[in-house]
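Structure first, commentary second.
The values are calculated or read from the model by the stated rules, or taken from the named source; none is laboratory data. These numbers come from a predicted model, not from an experiment. Cβ sites come from the backbone with ideal geometry, for glycine too, and all protein chains shown count toward neighbours.
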């Protein structure tokens, strides 16, 4: 089989599955959609993600993308292979070792299967949150077994290419340990912080700023979906959380000592904070590699239609590229602060242009 994908079946029309389908449709690939939830299939179809799969037709496809929770991947793979549905198969679950092991136990044809995982997502779920550009520039892990045929690898690589992602081949176990650090444990940690807000006073909530929003943003994910993910990667996630819990316990001990007048206890706290700064600095930038140092230009912006468009128009007029943008709202007021991250040499140019056009730049 050649690696060109003409027809792709997407099984599971949630956020990731529908986003894959939308990306493929933009490349004129024919996409068939399947899901046990007919409402999800209908919505994905209405969004332009493809057409509903009719399995009784026995129509072969080039690649089947299994976009279901980790615990169901192997069973779905076995059923599809029994039907002779596709020439090659992949899944997009965020856990890899367990589905692969289960597929082998069930007797699936591992030569036609390449497990994969696009490292992209949103705090929202369901087909309504899907985006064709969700994977652009994002890493997409490929975890082929030794049995995987070259044709199957080529088909999945072509899928990654069509979705605009960057393929990264990695051992399944290494993958699971890595995502425990960069995705799964952070979600639990964010949820633990957000859980403190459930019983917080109205005074505390009224004082909530961008910091708590940043820390807890991902805690809004679907608990049922995340239970499946965490269950499939339980041991690696537990190890990371135990390490985090140790650091937090030491920080609490240091704070208790500070409260009791032990000024030396601050050293332990500073050590943790410095490690945090160092770790944050290792997060790759948007183009990979070390994160560049940007300058943040703050602009007061009204909370009314068209303001962001006007702001970006100024950036366009003076040729300044906005590397990142954050919005911080002022509670109780019809305005907020837009934080524009730009290259250091562009900050003064943008600031001057904004002043000239009447924008408030603190």
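Table for the structure above
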item	result
Residue satisfying condition, being in a loop (DSSP other than H, G, I, E, B), under 29 Å from residue 215 (Cβ atoms) and assigned by TED's automatic domain parsing to the domain that holds residue 29, within set 93, 148	93
The lone exception for residue 103 - which of (1) under 23 Å from residue 154 (Cβ atoms); (2) at pLDDT 90 or above; (3) out of contact with any helix residue (DSSP H, G or I) (no Cβ under 6 Å at 6 or more places or on another chain) it fails	(3)
Unmet requirement for residue 338, which otherwise passes all of (1) over 25 Å from residue 205 (Cβ atoms); (2) touching a strand residue (DSSP E or B) at 6+ places or on another chain (Cβ under 7 Å); (3) touching a residue at least 40 places away in the same chain (Cβ under 8 Å)	(1)
Those residues of the stretch 211-253 which are touching a helix residue (DSSP H, G or I) at 6+ places or on another chain (Cβ under 7 Å) and outside any helix (DSSP H, G or I), in sequence order	221, 233
Set 232, 306, 209: member being in contact (Cβ under 8 Å) with a residue 60 or more places away in the chain and exposed (fewer than 14 other Cβ atoms within 10 Å of the Cβ)	209
Test: residue in the stretch 349-361 that is at pLDDT below 90, under 28 Å from the mean Cα position of the chain (by Cα) and outside any loop (DSSP other than H, G, I, E, B)	no
Yes/no for residue 248 being modelled with pLDDT under 95 and on the phi < 0 side of the Ramachandran plot	no
Enumeration of residues in the stretch 1-32 that are surrounded by fewer than 24 Cβ atoms within 10 Å (Cβ to Cβ), in contact with a strand residue (DSSP E or B) (Cβ under 8 Å, 6 or more places away or on another chain) and without any contact (Cβ under 8 Å) to a residue 40 or more places away in the chain	30, 32
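Rundown of residues vs (1) at pLDDT 95 or above; (2) more than 25 Å from residue 38 (Cα to Cα); (3) crowded, with 16+ Cβ neighbours inside 10 Å; (4) not assigned by TED's automatic domain parsing to the domain that holds residue 30, yes/no style:
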residue	(1), (2), (3), (4)
56	no, no, no, no
65	yes, no, yes, no
110	yes, yes, yes, no
113	yes, yes, yes, no
124	no, no, no, no
128	no, no, no, no
155	yes, yes, yes, no
